[in-house]
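This report refers to the structure that appears directly beneath it.
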Amino acid sequence: MSAIRSRARETDLRLAQGLHSFAWSFTDCAVGREMDITEPRIQREEILILLDDDFNSGNVCIVTGAGTGIGRATAVVSAANNLMTVGLDINAEEGEKTRQMAQELGGQMLFIKTDLANDREVEKAVAKAASLGAIKYLANIAGMQHINAIEDFPMEKYDLMQKVMLRAPFYLSKLTIPHMKRSADGRGVIANMASAHAHITTRNKPVYNITKFGLRALTQSISAEGAGLIRSFTVSTGFVKTPLALNQIPSQAAQRGITLDEVVREVMMGRSQVKEMMSPVEVANLFIFGFSRYARYLVGGDLLFDGGMVLTY
Ligand SMILES: NC(=O)c1ccc[n+]([C@@H]2O[C@H](COP(=O)([O-])OP(=O)(O)OC[C@H]3O[C@@H](n4cnc5c(N)ncnc54)[C@H](O)[C@@H]3O)[C@@H](O)[C@H]2O)c1
């Protein structure tokens with residue numbers, strides 16, 4: 001028991017070290033008051049562990065964006081739930097840290113450096129994942145943000161965001177659905193990371209909005225063809241403490257002509273009833289719930305966990 005506790009403490013320590021580079025505080029930016037917006041550590045007790053016979057090491061769960069943030073947390077939670085987890089990301093250094101975190105929690109994870117904008121690399125990653133067991137779960141999480149008005153938006157950024165955030169989820173679905181159908185019970189689940197921006201749009205994020213609305217259409221299309229056997233769902237959150245959210249604060253401030261503090265309080269959390277940003281592991285727990293036997297009727301639906309941003313005023 002004490003060995004387990006000491007392993008848990010070591011894991012927490014390593015997680016802290018891994019996430020240290022993303023620490024970013026408002027005093028660093030001379031805003032004048034302390035506000036903790038650092039990416040939190042994943043604590044073992046925060047992970048939702050579910051009893052599900054399908055959560056075993058013979059079943060493979062592919063997670064994209066496993067390098068940092070929500071993808072990292074989802075890979076760790078998937079491995080902690082006994083799934084043979086395959087993490088894909090372009091960032092090999094961070095991906096390797098995620099693999100170590102999963103392992104230290106007693107889970108199994110393989111990291112494969114993959115550029116999701118490259119079809120050949122995606123195909124190779126799926127083939128490798130299939131060699132480890134039955135591909136039953138896919139979490140499309142990788143993404144990026146670019147803040148610009150439509151008239152100023154660089155078309156090369158448009159193409160990259162489309163490829164990584166919409167085309168890759170489609171291609172991965174196309175490649176993995178046959179594996180799910182060939183598995184013993186012919187079942188599988190595909191989850192897509194959407195956003196409150198799959199429900200509402202805000203200015204200067206046109207391509208982000210387009211890809212997130214598109215993911216809901218992909219999710220519903222998979223479900224329409226899935227006959228209840230291949231399910232799909234989206235996860236939509238407000239702001240989550242990850243590099244993607246934290247890094248956009250300075251450019252939002254510059255483009256709107258407001259302070260960093262005002263960006264967080266008035267732009268990011270302004271419409272949310274819950275004023276604290278969500279943690280990555282809270283989002284990861286939604287993925288594992290959606291994959292589980294408890295979510296049998298989640299077919300094309302959206303898990304909107306946004307602190308009231310979209311549905312209240
Ligand atoms: N953080 C938020 O507030 C928030 C809110 C709602 C939705 N989301 C969505 O969650 C998802 C994950 O974002 P996050 O906040 O964890 O950000 P993040 O920046 O921490 O993680 C994104 C990951 O995607 C990877 N990636 C980028 N381009 C890639 C490519 N070409 N090939 C492979 N991997 C690539 C990055 O290396 C990174 O590890 C995104 O789709 C994002 O839109 C985030």
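A short reminder: the numbers here are calculations on the coordinates, not readings from a lab. In this text, all values refer to a predicted model and were calculated from it rather than measured experimentally. When we count neighbours, we look across all protein chains shown, and the Cβ atoms used for this are built from the backbone with ideal geometry, even at glycine.
About the centre of its Cα atoms, the chain shows a dipole size close to 660 debye [charges on the beta carbon of Lys, Arg (+1) and Asp, Glu (-1) only; nearest 20 debye].
Exposure proxy for Thr259, Thr64, Thr85: other Cβ atoms within 10 Å of each Cβ, ordered fewest to most, give Thr259, Thr64, Thr85.
The label point for Asn118 and the one for Glu225, both projected 7 Å from the Cα toward the Cβ, are 2.7 nm apart.
Counting neighbouring beta carbons within 10 Å and listing from fewest to most, the residues Asp152, Asp159 come out as Asp152, Asp159.
Short-range pairs are left out: with C-alpha atoms under 8 Å and at least six residues apart, the relative contact order of segment 154-313 is 26 percent. Sorted largest first, the spans of the alpha carbon positions of segment 209-276 along the three principal axes are 50, 24, 20 Å. Averaging Cα coordinates gives a centre for segment 166-237 and one for segment 54-97; these two points are 18 Å apart. Here Lys163 is the anchor, and the aspartates and glutamates within straight C-alpha reach of less than 19 Å, apart from those fewer than 8 places off in the same chain, are Asp89, Asp115, Asp119, Glu121, Glu123. Summed over qualifying helices (DSSP H, 4 residues or more, each -39500 (n - 2.57)) and divided by its residue number, the chain shows a 222 nm mean residue ellipticity of -12500 deg cm²/dmol.
Working out 0.36 nm times the residue gap between Leu51 and Gln103, then minus their Cα-Cα distance, what length gain in nm do you get to one decimal?
The span from Leu51 to Gln103 would gain 16.7 nm if fully extended.
For the residue pairs Lys97/Lys181; Lys128/Lys181; Lys174/Lys241; Lys97/Lys174, the C-alpha atoms sit more than 25 angstrom apart in Lys97/Lys181; Lys174/Lys241; Lys97/Lys174.
Counting only GluC sites (Glu not before Pro) that are in a DSSP loop and have at most 13 other C-beta atoms within 10 Å, tell me the longest site-free stretch of the chain. Of all site-free stretches, the longest is 35-275.
Taking the charge dipole of the chain about its Cα centre, with +1 at Lys and Arg Cβ atoms and -1 at Asp and Glu Cβ atoms, the residue from Met278, Ile258, Asn56 reaching farthest to the positive side is Asn56.
Residues with beta-carbon under 14 Å from that of Val267, excluding Val267: net charge, scoring Lys, Arg +1 and Asp, Glu -1? Intermediate values should be presented prior to the final figure.
Working: positive: Arg203, Lys205, Arg256, Arg265, Arg271, Lys275; negative: Asp261, Glu262, Glu266.
Overall, the nearby charge balance is +3.
How would the chain be classified by its alpha-carbon gyration tensor: rounded, prolate or oblate, with rounded meaning a/c under 1.5 and the a/b versus b/c comparison settling the rest? Here the chain falls in the oblate category.
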